[in-house]
Amino acid sequence: MAFTQHGNQDYVFGFESVEAATLAAAVGMKPQTLSLNYEPEFQAEALGGTGEVESVVVGPDKVSFTLSGYITDEELFKAADSFEFDGRFFIIQGRKLDSGATEFKKGELTGVSYNGVDAPAGP
């Protein structure tokens, strides 16, 4: 889709068409929003003799996500277990399907991506 952006050119608008098409093919949904939440996979603290924290270890980021959009293939939406986006492998852990009398079907997927977990090699 072509669009004209006015004003500040530093802001990025929407999904790039290739990214959106790739996601749609993988999960049966035309994505509208993808929210990524980066947080440490683990944290550990070492306490000194007085109970105060003397050392902290923060692990690599895991990325939890919420992907929402319009359903294009309901069977694929219900069966999809993972997708790749922006060089990361995402594991689907939950899904929500919304239907309304005067609306297109919408879906929402949630899950997580870990640095050390890649796409399966296959059967």
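Taken together, the values in this text are just the output of simple stated rules run on the coordinates, not laboratory data. Every value quoted in this text rests on a predicted model; they were computed, and no experiment measured them. Every residue, glycine as well, gets a Cβ built from its backbone with ideal geometry; the counts of neighbours run over all protein chains shown.
For the range 47-55, indicate whether the set of residues that are surrounded by fewer than 14 Cβ atoms within 10 Å (Cβ to Cβ) and in contact (Cβ under 8 Å) with a residue 12 or more places away in the chain is non-empty. So far as the range 47-55 goes, no, none of its residues is surrounded by fewer than 14 Cβ atoms within 10 Å (Cβ to Cβ) and in contact (Cβ under 8 Å) with a residue 12 or more places away in the chain. In the range 37-55, how many residues are under 18 Å from THR110 (Cα atoms) and not in a strand (DSSP E or B)? Matching residues across the range 37-55 total 1. Figure legend. Inter-residue proximity from the range 75-92: first residues more than 15 Å from ALA121 (Cα to Cα), second residues charged (D, E, K, R) and not in a strand (DSSP E or B), beta-carbon distance below 7 Å, spacing 6+ or different chains. Indicated pairs: PHE85/GLU19; ILE92/ASP81. Listed conditions (1) among the polar types (S, T, N, Q); (2) surrounded by 11 or more Cβ atoms within 10 Å (Cβ to Cβ); (3) over 26 Å from SER68 (Cβ atoms) are all met by GLN43, apart from (2). Across the range 85-123, which residue is nearest to GLU39 (Cα to Cα) among those that are touching a strand residue (DSSP E or B) at 6+ places or on another chain (Cβ under 7 Å) and acidic (Asp, Glu)? Per the criteria, the residue is ASP118.
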